[in-house]
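A.B. asks: One structure follows; several queries about it will come next.
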Amino acid sequence: MYTEEELLKEIRELLDDDRLFETYERTFREYHYYFDTTNYIVLNVYQFNDHGPVHVLLTTRRALELLRILRKFGIQTTAEKLGKPFWWSKFIVAFGALLHDIGNMIHRINHYEFSVFLAEPIVEKLVGEFERRDPLLLKALTLNAIYTHDEHVPCTTIEGSLVTIADGCDMEAGRSRLVHKKDRVDIHAVSALAIERVEIREGDERQPILIEIWMKHPAGIFQVDEILTKKVKSSLLAGKVRLRIHTGKDGETLEKVI
């Protein structure tokens, strides 16, 4: 459904910063074996769904889409509230999303902690290329975005919230973030396979983020409630996200604010 090259082109456009994108693409290719190894372990040891290169690119693209929407509606990021330029937020979101899942290669439980551990030297090097005046703060905020992407960890920054929500949106056609054994037929598997498409759109002043979800069976609502809803509620954007769910049942559409 998605290819790495197509997603990279979309990320380039969303970043709208040649230097940031060139560094992002270089880092993605340099650490591709991290994403491959993570995915190999997830698929063959844990025996569940994709957490590899396509997932981290999709998460990056969607997090940047969310960032663009917040910018349009005049919602300040945490970096901006701290007096930092907007490119900081792009950096935090892009590299937070890129490296958020590599801890899965160590263990699924508390993988977000292992992701921070593995990402720290990478982020240290990247920050050194971009920020000389306040490098520790940029590093801390980027690692924060990695750590808080799991719904069990409350978000403390807007940037981390965007990575969290974007991660939860990766549930099309079996790309579920909900852990389910790929050879088991249960509500988890049926729900994950029910979702056909997820798109992030602009909302309105009250709920600037609109997430539209198309599913071929109402069972997909279980997936939405168990993952995406919990991730939004763990973010700083709860109450600013509207879901529009097309259930596939007689053309029925459900809407709710989370």
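The values are calculated or read from the model by the stated rules, or taken from the named source; none is laboratory data. Owing to the predicted nature of the structure, the values given are computational and were not obtained by experimental measurement. Reconstructed Cβ throughout: ideal geometry from the backbone, glycine too, with neighbour counts over all protein chains shown. These area figures cover heavy atoms from the full protein model, side chains too; ligands, DNA and RNA do not enter into them. Shrake-Rupley method; radii C 1.70, N 1.55, O 1.52, S 1.80 Å.
A.B. asks: Quick check on my filter: what residues within segment 72-93 are of a type in the set (A, V, I, L, M, F, W, C) and part of a helix (DSSP H, G or I)? Quick ask: steps written out before the conclusion?
C.D. replies: Here is the first cut: in segment 72-93, the residues of a type in the set (A, V, I, L, M, F, W, C) are 73, 75, 79, 82, 86-88, 91-93.
Hits for segment 72-93 are ALA79, PHE86, TRP87, TRP88, PHE91, ILE92, VAL93.
A.B. asks: Do you know which residues across segment 1-23 are hydroxyl-bearing (Ser, Thr, Tyr) and either under 21 Å from ARG71 (Cα atoms) or in a helix (DSSP H, G or I) (or both)?
C.D. replies: To start, the set of residues in segment 1-23 that are hydroxyl-bearing (Ser, Thr, Tyr) comprises 2-3, 23.
THR23 - this is the single residue of segment 1-23 that is hydroxyl-bearing (Ser, Thr, Tyr) and either under 21 Å from ARG71 (Cα atoms) or in a helix (DSSP H, G or I) (or both).
A.B. asks: Here's another thing I want to ask about it. Go through (1) open to solvent by 10 Å² or more (accessible area, probe 1.4 Å); (2) among the small types (Gly, Ala, Ser); (3) touching an Asp or Glu at 6+ places or on another chain (Cβ under 6 Å) and name the single condition GLY83 misses.
C.D. replies: Unmet for GLY83, out of (1) open to solvent by 10 Å² or more (accessible area, probe 1.4 Å); (2) among the small types (Gly, Ala, Ser); (3) touching an Asp or Glu at 6+ places or on another chain (Cβ under 6 Å): (3).
A.B. asks: Considering only segment 187-199, state which residues are open to solvent by 40 Å² or more (accessible area, probe 1.4 Å) and either part of a helix (DSSP H, G or I) or modelled with pLDDT under 70 (or both). Quick ask: steps written out before the conclusion?
C.D. replies: Filtering segment 187-199 for residues open to solvent by 40 Å² or more (accessible area, probe 1.4 Å) gives 187-188, 190, 193, 196-197, 199.
Result: ILE187, HIS188, VAL190, LEU193.
A.B. asks: Could you give me the residue pairs with C-beta distances under 7 Å whose first residue belongs to segment 229-242 and is farther than 17 Å from TYR147 by Cβ and part of a loop (DSSP other than H, G, I, E, B), whose second residue is open to solvent by less than 10 Å² (accessible area, probe 1.4 Å) and hydroxyl-bearing (Ser, Thr, Tyr) wherever it lies, and which are 6+ apart or on separate chains?
C.D. replies: LEU237/SER161
A.B. asks: Looking for whichever is modelled with pLDDT under 95, among the hydroxyl-bearing types (Ser, Thr, Tyr) and open to solvent by less than 30 Å² (accessible area, probe 1.4 Å) here; the options are SER176, SER115. Which one fits?
C.D. replies: Numbers: SER115 fails: modelled with pLDDT under 95.
Of the residues listed, the single one that is modelled with pLDDT under 95, among the hydroxyl-bearing types (Ser, Thr, Tyr) and open to solvent by less than 30 Å² (accessible area, probe 1.4 Å) is SER176.
A.B. asks: Out of curiosity, is GLY128 crowded, with 24+ Cβ neighbours inside 10 Å and either of a type in the set (Val, Ile, Thr) or part of a helix (DSSP H, G or I) (or both)? Before you say what the answer is, go through the steps one by one.
C.D. replies: Values: crowded, with 24+ Cβ neighbours inside 10 Å: no; either of a type in the set (Val, Ile, Thr) or part of a helix (DSSP H, G or I) (or both): yes.
In short, no.
A.B. asks: Return the residue satisfying two criteria in turn: it lies in segment 243-257 and is β-branched (Val, Ile, Thr) and either modelled with pLDDT of 95 or more or assigned to a strand (DSSP E or B) (or both), and of such residues it is nearest to GLU159 (Cα to Cα). First the steps, then the outcome.
C.D. replies: Going through segment 243-257, the residues β-branched (Val, Ile, Thr) turn out to be 245, 247, 253, 257.
Going one step further and asking which of them are either modelled with pLDDT of 95 or more or assigned to a strand (DSSP E or B) (or both), we end up with 245, 253, 257.
Numbers: ILE245: 25, THR253: 30, VAL257: 20 Å.
Filtering segment 243-257 for residues that are β-branched (Val, Ile, Thr) and either modelled with pLDDT of 95 or more or assigned to a strand (DSSP E or B) (or both), the one nearest to GLU159 (Cα to Cα) comes out as VAL257.
A.B. asks: Going through segment 1-44 one residue at a time, which ones are among the β-branched types (Val, Ile, Thr) and farther than 25 Å from ILE200 by Cα?
C.D. replies: Initial filter on segment 1-44 (among the β-branched types (Val, Ile, Thr)): 3, 11, 23, 27, 37-38, 41-42.
Matches in segment 1-44: THR23, THR27, THR37, THR38, ILE41, VAL42.
A.B. asks: Working only within segment 106-125, note down all residues that are among the hydrophobic types (A, V, I, L, M, F, W, C) and assigned to a helix (DSSP H, G or I).
C.D. replies: PHE114, VAL116, PHE117, LEU118, ALA119, ILE122, VAL123
Conditions (1) under 18 Å from the mean Cα position of the chain (by Cα); (2) farther than 11 Å from LEU98 by Cβ, marked per residue:
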site: GLU4; (1), (2): yes, yes
site: LEU8; (1), (2): yes, yes
site: GLU13; (1), (2): yes, yes
site: ASP16; (1), (2): no, yes
site: TYR24; (1), (2): yes, no
site: TYR33; (1), (2): no, yes
site: THR38; (1), (2): yes, yes
site: VAL42; (1), (2): yes, yes
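A.B. asks: A follow-up question, please. Yes or no: segment 24-33 includes at least one residue that is part of a helix (DSSP H, G or I) and closer than 26 Å to ILE209 by Cα.
C.D. replies: Applying the first criterion (part of a helix (DSSP H, G or I)) to segment 24-33 yields 24-30, 32-33.
Going one step further and asking which of them are closer than 26 Å to ILE209 by Cα, we end up with 24.
Yes; the residues of segment 24-33 include at least one that is part of a helix (DSSP H, G or I) and closer than 26 Å to ILE209 by Cα.
A.B. asks: Right, another one. Restricting the first residue to segment 119-133 and requiring it to be at positive phi and at pLDDT below 95, which pairs with a second residue that is surrounded by 12 or more Cβ atoms within 10 Å (Cβ to Cβ) and of a type outside the set (Asp, Glu) meet a Cβ separation below 9 Å and a spacing of at least six or different chains?
C.D. replies: none
A.B. asks: Just a yes or no: is a residue in segment 52-71 more than 28 Å from ARG197 (Cβ to Cβ), open to solvent by less than 10 Å² (accessible area, probe 1.4 Å) and either part of a helix (DSSP H, G or I) or not polar (S, T, N, Q) (or both)?
C.D. replies: Of segment 52-71, the ones more than 28 Å from ARG197 (Cβ to Cβ) are none.
No.
A.B. asks: Enumerate the pairs (first residue in segment 48-77 and more than 17 Å from HIS100 (Cα to Cα); second residue anywhere and open to solvent by 40 Å² or more (accessible area, probe 1.4 Å) and polar (S, T, N, Q)) with beta-carbon separation below 9 Å, excluding pairs fewer than 6 apart on the same chain, so at least 6 apart or on different chains.
C.D. replies: LEU70/GLN76
A.B. asks: Next question. Going through ASP204, ASP170 one at a time, which residue ends up being at pLDDT 70 or above and surrounded by fewer than 16 Cβ atoms within 10 Å (Cβ to Cβ)?
C.D. replies: Details: ASP170 fails: surrounded by fewer than 16 Cβ atoms within 10 Å (Cβ to Cβ).
None of the other options fit; the residue is ASP204.
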